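Here the structure comes first, spelled out in structure tokens, and everything after it is commentary.
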Amino acid sequence: MADLILNVDFAPSERPRKKETGNRKHKSFLQRRRALEQRGVLKQKQLPAVPPPPGRGSQKKPGPGGRRGSRQGAAAARGPEKPNSIQPKPCLEANGPASIAPPGAAAQNGSRVTGVPSKPKTTARGTAKGNQRAPAFPVQPSKLVAIDCEMVGTGPGGRTSDLARCSIVGYQGDVVYDQYIRPAAPIVDYRTRWSGIRRQHMANAVPFNKAQQEILRILSGKIVVGHAIYNDFKALKYFHPKALTRDTSKIPLLNRKGGFPENVTVSLKRLAKELLHKDIQVGKSGHSSVEDARATMELYKMVEAEWEQHLMLNPEQE
């Protein structure tokens with residue numbers, strides 16, 4: 001009977017090695033970590049397992065030695081390490097102290113390598129544009145005011161127009177502000193025929209700087225209606241946001257209703273006569289800024305719904 005010979009190998013078998021994934025920096029981190037484990041400086045369960053960073057494309061072939069393979073095989077594959085090259089690099093957290101983290105960990109939480117969360121980019125232009133948007137239609141009456149200013153002449157020959165009276169009315173024509181204002185420069189021409197300003201009005205007039213602060217506080221965040229309103233803002237040394245400005249001298253709907261050409265600037269007096277059937281700016285006592293502001297608001301209200309809808313569809317015409 002033939003002898004039966006069994007060839008049995010009692011050497012401990014190595015566990016199958018896991019494939020290494022990740023980029024070059026991630027592999028370098030794992031190799032340094034294994035070196036620390038081999039030297040007894042770092043235990044195997046001291047740090048959590050780090051999954052590969054998402055969205056890195058195709059995986060590369062693993063290098064010699066698995067993550068938890070034989071220590072002798074890993075040491076033989078890597079060779080001797082320098083003491084100063086095996087320290088893992090610290091990674092600064094956004095809300096905590098420095099800790100050890102792999103280069104791929106930042107990609108998992110949407111942060112940069114420094115650990116600071118990335119913020120969406122905003123432009124100063126977009127912010128400014130957003131702040132100047134007009135209120136949604138229909139506009140609340142409390143958000144609407146009408147303004148009219150009267151000027152006097154200062155400087156050489158009285159050719160410089162300076163603010164001498166300002167009137168602001170609400171949606172229903174109620175007076176919100178009405179004050180005589182003393183210019184900083186001496187008055188050369190009161191222009192009483194048009195402005196209605198006389199010398200006695202300046203006795204208790206409000207200084208320009210103080211009046212300007214009070215007026216701008218009222219206009220802030222409001223839709224401001226005026227006729228040839230550019231001149232009023234120029235006298236105030238101020239420019240209101242374009243999206244919050246309604247100039248009745250540049251609304252074609254009013255010209256059309258009054259029978260005037262759309263591309264012609266019609267005076268407030270003529271528009272009030274044709275559309276409101278009111279006579280304003282008559283007599284020798286000059287204009288009344290309160291009366292003019294009320295007339296301007298009434299003209300705007302005649303075309304308010306149609307004009308505001310038009311501006312919503314054509315914001316570039318604001």
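The values are calculated or read from the model by the stated rules, or taken from the named source; none is laboratory data. Fair warning: this is a prediction, and the values are worked out from it, not measured in the lab. Don't worry about glycine lacking a Cβ; one is built from the backbone with ideal geometry, like all the others, and counts go over all protein chains shown.
Some observations on this one:
- Out of A293, A272, one residue alone is touching a residue at least 60 places away in the same chain (Cβ under 8 Å) and either basic (K, R) or at negative phi (or both). It is A293.
- Among the candidates G173, G153, residue that is part of a strand (DSSP E or B), at pLDDT 95 or above and over 17 Å from A211 (Cα atoms): G153
- Residues considered: R217, R165, R198, R193. Of these, the only one that is among the basic types (K, R) and buried (at least 18 other Cβ atoms within 10 Å of the Cβ) is R165.
- Condition check for A305: in the same structural domain as T160 (by TED's automatic domain parsing), under 20 Å from V145 (Cα atoms) and surrounded by fewer than 20 Cβ atoms within 10 Å (Cβ to Cβ): yes
- Filtering the stretch 232-252 to residues that are exposed (fewer than 15 other Cβ atoms within 10 Å of the Cβ) and touching a residue at least 24 places away in the same chain (Cβ under 8 Å) leaves K234, K237, Y238, K242.
- The stretch 289-308: number of residues that are β-branched (V, I, T) and in contact with a Leu (Cβ under 8 Å, 6 or more places away or on another chain): 2
- Of the criteria (1) in a helix (DSSP H, G or I); (2) within 42 Å of the chain's Cα centre (by Cα), which one V225 fails: (1)
Yes or no, residue by residue, for (1) out of contact with any strand residue (DSSP E or B) (no Cβ under 9 Å at 6 or more places or on another chain); (2) under 24 Å from R193 (Cβ atoms); (3) outside any helix (DSSP H, G or I):
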{"site": "K257", "(1), (2), (3)": "yes, no, no"}
{"site": "V264", "(1), (2), (3)": "yes, no, yes"}
{"site": "A272", "(1), (2), (3)": "yes, yes, no"}
{"site": "Y300", "(1), (2), (3)": "no, no, no"}
{"site": "E306", "(1), (2), (3)": "yes, no, no"}
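- Leading residue by the ranking (modelled with the lowest pLDDT) among those in the stretch 230-281 that are within 31 Å of the chain's Cα centre (by Cα) and among the β-branched types (V, I, T): I251
- If you go through the stretch 189-205 and pick out every residue that is within 9 Å of G286 (Cβ to Cβ) and part of a helix (DSSP H, G or I), you end up with 4.
- Selection from the stretch 201-214 of residues that are of a type in the set (A, V, I, L, M) and surrounded by 12 or more Cβ atoms within 10 Å (Cβ to Cβ): M202, A205, V206, A211
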